[in-house]
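The values are calculated or read from the model by the stated rules, or taken from the named source; none is laboratory data. Every value quoted in this text rests on a predicted model; they were computed, and no experiment measured them. Note that each Cβ is placed from the backbone with ideal geometry, even for glycine, and that neighbours are counted across all protein chains shown. The protein model used for the area step is the full one, side chains on, heavy atoms only, and it has no ligands, DNA or RNA in it. Shrake-Rupley method; radii C 1.70, N 1.55, O 1.52, S 1.80 Å.
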Amino acid sequence: MGKSQKKTGKGRLDKYYKLAKEQGYRARSAFKLIQLNKKFNFLESARCCIDLCAAPGGWLQVASKYMPVNSVIIGVDLVPIKPIPRVVTFASDITTPQCRNLIRAEVKDWKADVVLHDGAPNVGTAWVQDAYGQSELVLMSLKLAVEFLVKGGTFVTKVFRSADYNNLIWVFNQLFGKVEATKPPSSRNVSAEIFVVCREFLAPKYIDPKFLDPKHVFKDLSASIPDDPDKPTRAHNAEANVFQPDKKRRKRDGYEDGNYTLFKSIPASEFIHDTDPISVLGSVNKITFQSDEEKQWLILDITSGDVKANCNDLKVLGKGDFKTLIKWRLALREELGLDVKRKDTEDATETVQITDAVDEEQMIQDELERLNAENAARAKRNRRRANEVRTKTIQRMQLQMTAPMDIGLELQDASLGGQDDFFDLQGAEKGMRKRGGVITLVGADGVVIQESEGEDDGKGSDDEMLDSDEERERKTRELENELDGMYESYQGRLRERDAKFKVKEGREKNKEREAWTGIKEDNSSDDDDSDAEEGGWEEMERAKENGDNSSSGDESDDEDERSQVSNKKRALPSAKSSRDTKRARLLTNLKEPIPSGSQASKIWFSQDIFAGIDDDLEGIEDRRHDDIEMEDSSDDDDGNDDVEMEGNDDQDEIVDAEEGEEWDDEDDFEVVPQAEEDVDLWDVSNVDEDALKQAHIQKHGLTTAEAVTLAQQLVNREKSKTQLINDGFNRYSLNAKDGLPSWFLDDENKHYKPNIPVTKEAIAALRAKQRALDARPIKKIAEAKARKKYKAAQRLEKAMKKAEGVNDTSDMSEREKASQIEKLMRKGLSKGKPQKEIKLVVAKGVHKGVQGRPKGVKGRYTMVDSRMKKEVRAKKRAEKANKKRKRA
Ligand SMILES: C[S@@+](CC[C@H](N)C(=O)[O-])C[C@H]1O[C@@H](n2cnc3c(N)ncnc32)[C@H](O)[C@@H]1O
């Protein structure tokens with residue numbers, strides 16, 4: 001679809017499109033939420049928000065901007081959403097239980113203050129079907145909303161003005177205290193969309209499942225589409241009005257064609273003689289008794305007071321009243337001889353049977369629903385109980401009452417009764433499961449492996465699940481993953497508690513970069529070195545035989561050796577990220593932008609004071625950044641807007657973020673292209689560790705005593721390359737660390753490392769380097785001094801030029817020249833123009849709270865408090881007194 005067509009056609013690229021582009025919103029629809037929020041103010045006070053159908057994320061951006069920092073914001077859509085800071089997103093269909101489970105896992109036992117829904121079905125079929133699909137989607141989102149909303153919460157949804165509109169509003173009214181439909185100015189007038197803001201969620205203990213069942217809520221729609229084209233729609237509606245009289249749907253479709261009368265009454269004889277009495281009952285307001293014959297019927301015994309009252313206003317009748325009228329009609333027909341008695345009876349039986357059948361069906365249906373609801377309530381209770389236990393466990397962890405080790409012990413405690421093995425993880429898991437501890441485990445690939453919520457797990461008992469060895473192994477793995485996750489969160493808390501922890505950790509890692517653990521072979525740069533090419537055992541043997549001489553005579557060899565000092569210990573970022581992905585979803589968020597830090601610690605470390613540290617930890621941060629980039633890029637791959645949004649009916653135009661191509665469709669939605677970010681993606685295959693290492697050494701030099709010692713030994717030929725290689729094979733090297741839990745690795749890292757000797761000289765060299773570094777002036781000061789010097793030199797030069805001029809003049813005596821030159825030189829050597837005095841203005845009295853220049857103050861000024869002004873005055877006084885004393 002061409003760009004030009006869109007720009008002119010329908011005036012798509014309107015002011016909101018441009019505004020969105022200017023302000024960095026991904027979709028112009030962002031302004032709809034901004035305007036809704038301006039009117040109803042639900043975002044500012046919300047701490048948890050769930051956005052259903054959120055792609056590409058315009059509403060999420062708004063929520064993230066307007067909600068308080070540290071709020072929980074979750075976005076779900078069929079298509080992946082590109083990452084947004086402070087927002088958790090995932091791709092899922094909101095109509096599926098899987099989506100509900102994902103949200104549950106994310107919010108844990110929190111409740112959402114706001115649930116947003118701007119969904120539109122991704123089909124482009126007939127308008128009626130689309131509208132119905134949209135209404136169904138709304139009902140599905142309402143279903144999620146009632147599950148996750150807190151009492152008093154707000155649900156914002158988009159609804160299309162269609163036949164279902166009133167039904168939806170009716171349902172909303174049953175569940176919310178205030179329901180308001182509004183059309184924000186940014187929603188195009190041509191669009192049928194309208195936004196309903198439902199506030200003050202009533203959170204009833206029991207919600208009739210019918211409220212959330214499209215089959216019930218939109219029953220009339222199907223009723224209005226005749227199965228049998230011959231049967232008039234009116235009859236269908238009328239029947240529905242009789243059998244489902246309590247639902248106020250009569251006027252939803254307006255008045256039947258050709259009938260614009262508000263009030264309709266018919267004579268009783270018409271009702272008695274009509275072959276379709278039910279339709280009659282459903283379509284009229286009143287049955288009158290005006291003719292003589294009809295008046296006679298009024299005095300018959302069968303015409304009870306109830307019947308008379310019922311005939312008076314049919315629109316207020318219930319199902320029982322209608323039945324009474326039908327029975328009365330049959331009895332009267334029998335009385336009048338219109339039907340023979342037997343036939344009448346049959347007729348009556350038949351009719352009653354129909355009614356009873358309907359009733360019976362209804363009863364069975366009701367009973368089933370009641371049982372279902374009871375089951376659901378029981379399951380929910382269990383889930384809630386399990387959640388409570390889980391929350392307590394997490395809280396205990398957060399309050400440092402339980403360390404990850406304690407968890408193992410707790411599990412053991414739980415399994416004691418069952419005589420389980422002390423380290424039987426499976427037993428421990430069972431124990432945890434009993435307490436509702438294990439809810440969702442996420443596999444290494446981030447896929448939810450298993451879901452279990454207390455007794456709610458309908459897929460067989462644990463015993464069944466643990467039948468096979470494979471299953472058992474899997475369980476054990478999962479539990480280990482969870483323990484890993486707990487450990488990670490424990491580490492996170494440590495970090496939060498101890499601000500220095502991160503710095504320490506950074507230093508550790510930096511040290512690790514430099515730490516010597518052996519020499520790595522580099523064949524590419526060592527083609528001529530036969531020793532290096534062979535390496536390994538032979539090399540060691542030969543080295544033993546030849547002593548140190550194998551390469552001592554070769555200068556270039558030594559060069560190579562120096563360049564080859566590399567770091568085997570350095571872990572690739574992927575190692576960390578893979579460990580991260582193992583984290584149990586229960587405890588930590590896989591999609592956290594920076595996995596190793598909490599929000600609080602991030603804020604803490606964003607302070608200026610830590611700016612220098614960042615420099616020091618540059619390497620580490622770079623890698624962490626790469627980690628994130630990698631995550632982002634994977635998201636990006638998924639989140640190709642072009643593909644994502646294809647077929648989305650509710651989208652006006654979608655502009656491809658990369659190519660600027662636009663895609664136009666039905667309604668009121670544009671994705672705004674973002675400025676291309678110049679992002680270098682981290683590519684595992686392209687990482688040249690040696691090059692990185694070299695660059696680091698080039699920039700910072702050797703920073704550990706071990707490295708300097710080894711370098712000195714190499715330069716002084718005290719050690720050969722072969723010896724260093726041999727030293728590299730020690731009991732600490734080549735240790736497979738796969739599958740070891742992170743807490744174990746962390747602990748091991750503290751002690752399990754080779755002890756590399758360092759020399760006094762190396763330490764002295766490093767200290768000298770450090771002292772030189774300390775002695776260096778701060779860059780700004782050095783610059784200021786240089787500027788000063790430069791200006792002084794300029795002044796002197798100028799003075800000398802002038803002095804030369806004076807010297808060359810002939811119309812001055814030598815004495816005058818000398819005095820003039822002296823004056824000029826004094827000026828040239830002076831410190832330049834004295835700086836204008838800065839006036840100190842006390843910020844009190846008339847100047848209190850004044851913004852901008854205080855009244856009556858000219859020239860340079862600075863606002864100070866009275867203390868400073870007093871001190872300056874005192875200083876001046878003291879100086880003056882000193883001068884006087886000296887003169888005296
Ligand atoms: C109008 S867009 C939402 C725009 C969003 N509010 C924003 O500001 O960026 C409608 C979205 O609904 C999504 N959607 C439609 N059906 C869905 C479903 N069953 N589950 C989840 N998302 C759905 C579509 O993928 C589409 O991205």
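Inter-label distance, Asp213 to Ser45: 3.6 nm, where each label sits 7 Å from its Cα along the C-beta direction.
Can you tell me the order of 847-857, 284-294 when each peptide is scored by its average per-residue count of other Cβ atoms within 10 angstrom, highest first?
Listed from highest to lowest mean packing, they are 284-294, 847-857.
Using heavy atoms of the protein chains and a probe of 1.4 Å, the accessible area assigned to Ser810 is about 110 Å². The calculated FRET efficiency for the pair Asn755 and Thr476, based on their C-beta separation and a Förster distance of 30 Å, comes to about 0.25.
Spin-label model, Lys65/Ala379: points 7 Å from Cα along the beta carbon direction are separated by 4.1 nm.
The Asp14 and Ala793 beta-carbon pair, evaluated with R₀ = 60 Å, returns a calculated FRET efficiency of approximately 0.45.
From the Kirkwood radius over Cα pairs of the stretch 728-774, Stokes-Einstein at 25 °C and 0.890 mPa s returns a whole-number translational diffusion coefficient of 179 µm²/s. For the stretch 9-101, the carbon plus sulfur part of the accessible surface works out to 55%, probe radius 1.4 Å.
Counted residue by residue at 0.36 nm each, then reduced by the alpha carbon distance between them, the extension gain from Ile194 to Ala736 reaches 189.1 nm. Looking at the stretch 810-888, the accessible area is 94 square angstrom per residue; that uses a 1.4 Å probe and ignores ligands, DNA and RNA. Stretched out straight at 0.36 nm per residue, the stretch from Arg826 to Arg853 would grow longer than its current Cα-Cα span by 5.9 nm. FRET efficiency for Thr182 and Val107, Cβ-Cβ distance as r, R0 = 22 Å, nearest 0.05? In this case the efficiency is close to 0.20.
Going down the table (Lys158/Lys380; Lys111/Lys158; Lys827/Lys858), which pairs top 25 Å between alpha carbons? Over 25 Å apart, Cα to Cα: Lys158/Lys380; Lys827/Lys858. Each peptide in 310-322, 157-169 was scored by the mean count of other Cβ atoms within 10 Å over its residues; highest first, the order is 157-169, 310-322.
Taking Met140, Met67 and ordering them by how much accessible surface each has at a 1.4 Å probe, largest first, produces Met140, Met67.
When each of the peptides 478-491, 766-779 is scored by how many other beta carbons lie within 10 Å of its residues on average, the order from highest to lowest is 478-491, 766-779.
Cross-linked pairs Lys21/Lys82; Lys151/Lys315; Lys18/Lys183; Lys32/Lys215: Cα-Cα separations exceed 24 Å for Lys151/Lys315; Lys32/Lys215. Taking label positions 7 Å along the Cα-Cβ direction at both Gln296 and Lys817, the computed distance is 15.4 nm, reported to one decimal.
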